[in-house]
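Read through the structure below, which is laid out as structure tokens, and then see the notes.
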There are 2 protein chains.
Amino acid sequence: MATDSLKKTANKMKYLVTGGAGFIGSHIVDYILAHGDKVVVYDNFSTGKKSFIQHHKNDTNFTLVEGDVLDTKKLSKSMKGVDFVFHMAAHADVRSGFNDHSIDHTQNLEGTQSVLEAMFANGVKKIAFASTSSIYGDAEIHPTPENSPMNPTSLYGATKAACEHYIHAYATYYDWDVYIFRFVSFIGERYTHGIIVDILKKLKDNPKEIDLLSDGTPRKSSIYVLDGVSAMFIGIKKAKDKINVINIGHDDILSVNEIVDIILEAAQSTVKKKYQGGNRGWKGDNNFVHLSNEKLKTFGWKPNLSFKDGIRKTVEWILLHPTS
Amino acid sequence: MATDSLKKTANKMKYLVTGGAGFIGSHIVDYILAHGDKVVVYDNFSTGKKSFIQHHKNDTNFTLVEGDVLDTKKLSKSMKGVDFVFHMAAHADVRSGFNDHSIDHTQNLEGTQSVLEAMFANGVKKIAFASTSSIYGDAEIHPTPENSPMNPTSLYGATKAACEHYIHAYATYYDWDVYIFRFVSFIGERYTHGIIVDILKKLKDNPKEIDLLSDGTPRKSSIYVLDGVSAMFIGIKKAKDKINVINIGHDDILSVNEIVDIILEAAQSTVKKKYQGGNRGWKGDNNFVHLSNEKLKTFGWKPNLSFKDGIRKTVEWILLHPTS
């Protein structure tokens, strides 16, 4: 009995999740703990929330460190004995780089440098990284495969692409295993920013009429967060290269106009929509996002939820959690 | 007569060249002044040399500012009235990133951010940038076309790729014209670092036997600096997109062993070669570099000098300028 128990302890993986109290990060933490492994959540609670992880506080496999990824010393100390890092902490607001040229650089690229240095200092050799469809910019091929050129049109996309390159260099130098996941938008429980929150907020401010950024024509895809998290773990299990780049998207494509209508229907609203913009939501927006999931499909993955049902579930969750 | 003269002044382009006293930058300065345009050389003389630009000191179209690209305030002040920026200043030693994880980031990426901010502050909307074949890493396709994936295997390559992305984002936000040139190694007059300098230094230290980094098998290409500079100006004249990415390479490919033999022959040496390494010169080196020049060829460009003659000319110049 003692031997079995020791063996089990010895076989446990120890993960560290930066941004582990955030929207996607906290679902990764749920997954890790549900599978009996150990996890250190490292989060500065700038956008992460204690309520997203509090259900684990009595789990002996769970450790919480309140810290900023830019604090390399603290991060490095927190990484002792860790086998695998999920680096999810980021500045995830794609739009703001136009008016603030430094925030993506600091939060995304310098944050990632700090994670890489902490891994290097601790001899940690496995990393999963949250990259983005934005690294492709206005892709020429749809659905866009992983070997397409990177042409980011925003500083958000540029810094995420830069992170990928820095990770690639460290991995080459020090023989690491790397899993870079290029996400479309994630939606679902604990969703905290993006078009669904924006629309619901506008509805609250003015239930009669809402202004919308584009002309409604940009086409997007999103993935339900539990489908996205299972894609990450299947990718890590099945991908066999040292450096793996894997798209996580959805074959359901909806126009912004359709997305808005689904949100309004789920919120039981008959508000008047006023589209104010052109065929892009903002300067640097990409008006068609459709990633190829062929690689993930060869691993046996497919999403359980349609894009439409994902939106409905997200609206439902936000309306039930008005303070989150 | 006065009208003509005024007209001529009004038609003059005003360039700023960061690293304008460096190896490649100083040849760009020569080209600009030979064509009657105005140029501000901005250089901190960390690797640039006054001797490379002193022949222009009495030219009224020439201005020298001794400054660091990281000094955004000084750079911005120097950029007043400038139409076009050549951003050539960089940390160009590909090898050192393995032991120093910050130097490429600071000198290349933060340096480029500073240039972009100075351009933004001054409303300058045209930039040519010195990128590198290293952004491709171990390319799968040879000769490697511009739309190949970026997979840099060194922090040098990673930071240069990051610079490209940041430039792309600013160009999208502010409607700039961009010319990104991905160079193989440049050789020729004023060459200051790289394999030719290394070998000649080793020869001086020990004329009987020299140690070499690889096993001699990596295959490389280089371009003679005047051919490379003419490629840049032809590219700027002929490329018609807002954001243009253009390889500058050579179809002559030589193994390191062949390169070393040409250097030794040009230096009239019969030293014994001792290859000490494997099929890469160092961790993160790419063992086959052959860029496609198809895009440049459609513009009517071709190199005047063979790779072999470029090496000979470089050895000759170094031996005649032992203190450079």
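Please treat every number below as a calculation from the coordinates, not as lab data. Since the structure is predicted, the reported quantities are computational estimates derived from the model, not experimental observations. Don't worry about glycine lacking a Cβ; one is built from the backbone with ideal geometry, like all the others, and counts go over all protein chains shown.
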* Would you mind checking the radius of gyration and Dmax of segment A:77-198 based on alpha-carbon positions, in Å? => 15.0, 44
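Return the average number of partner chain Cβ atoms within 10 angstrom of each residue Cβ along peptide A:147-155. Can you show the working numbers first?
Working: counts 5, 2, 6, 7, 8, 6, 7, 5, 7.
Partner Cβ neighbours, averaged per residue: 6.
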* Asked: Which ³J(HN,Hα) values, rounded to whole Hz and listed in residue order, are derived for segment A:16-27 from phi using the Karplus coefficients 6.51, -1.76 and 1.60 in 6.51 cos²θ - 1.76 cosθ + 1.60 with θ = phi - 60°, glycine and proline given as x?
  -> 10, 10, 6, x, x, 9, x, 4, 6, x, 5, 6
* Structure fact -> Distances in nm between the label point of residue B:209 (7 Å along Cα→Cβ) and its equivalents in the other copies, shortest first, are 8.8
* Asked: Using alpha carbon centroids, what distance separates segment B:224-280 and segment A:194-259, in Å?
  -> 45
* Structure fact -> The rounded separation in angstrom of the Cα centers of segment A:81-120 and segment A:291-324 is 24
* Summed side-chain charge close to residue A:309 - residues other than residue A:309 whose Cβ falls under 15 Å, Lys, Arg +1, Asp, Glu -1 -> -4
* Among B:45, B:56, B:21 - extreme Cα towards positive end, dipole of segment B:19-118, charges at beta-carbon -> B:56
* Structure fact -> Exposure proxy check on A:72, B:159, A:323, A:132: fewest-to-most Cβ neighbours within 10 Å is A:323, A:72, A:132, B:159
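Local charge sum around residue B:207 (other residues, Cβ-Cβ under 12 Å, Lys/Arg +1, Asp/Glu -1)? Before the final figure, lay out each step's value.
Details: positive: B:201, B:202, B:204, B:208, B:272; negative: B:205, B:209.
Within the 12 Å Cβ shell, the charges total +3.
For A:106, B:144, A:298, A:47, what's the fewest-to-most ordering of other Cβ within 10 Å of each Cβ?
Numbers: A:106 13, B:144 20, A:298 10, A:47 17.
Ordered by Cβ neighbours within 10 Å, fewest first: A:298, A:106, A:47, B:144.
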* Too-long pairs where the Cα-Cα distance tops 32 Å, listed order kept, from A:274/A:308; A:80/B:274; A:283/A:308; A:125/B:204 -> A:80/B:274; A:125/B:204
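If Lys and Arg each add +1 and Asp and Glu each add -1, what is the summed charge of the other residues whose beta carbon sits under 13 Å from the beta carbon of residue A:179? Before the final figure, lay out each step's value.
Details: positive: A:125, A:126, A:182, A:237, A:238, A:240, A:242, A:295; negative: A:146, A:164, A:177, A:241.
Overall, the nearby charge balance is +4.
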* Asked: Based only on Cα atoms, what Rg/Rh ratio does chain B have, Rh being taken as Kirkwood's radius?
  -> 0.97
* Structure fact -> Most exposed to least, judged by fewest other Cβ atoms within 10 Å, A:265, B:110 sort to A:265, B:110
* Structure fact -> Listed residues A:140, A:117, A:164; largest mean-square fluctuation, Gaussian network over chain A with Cα springs below 10 Å, found at A:140
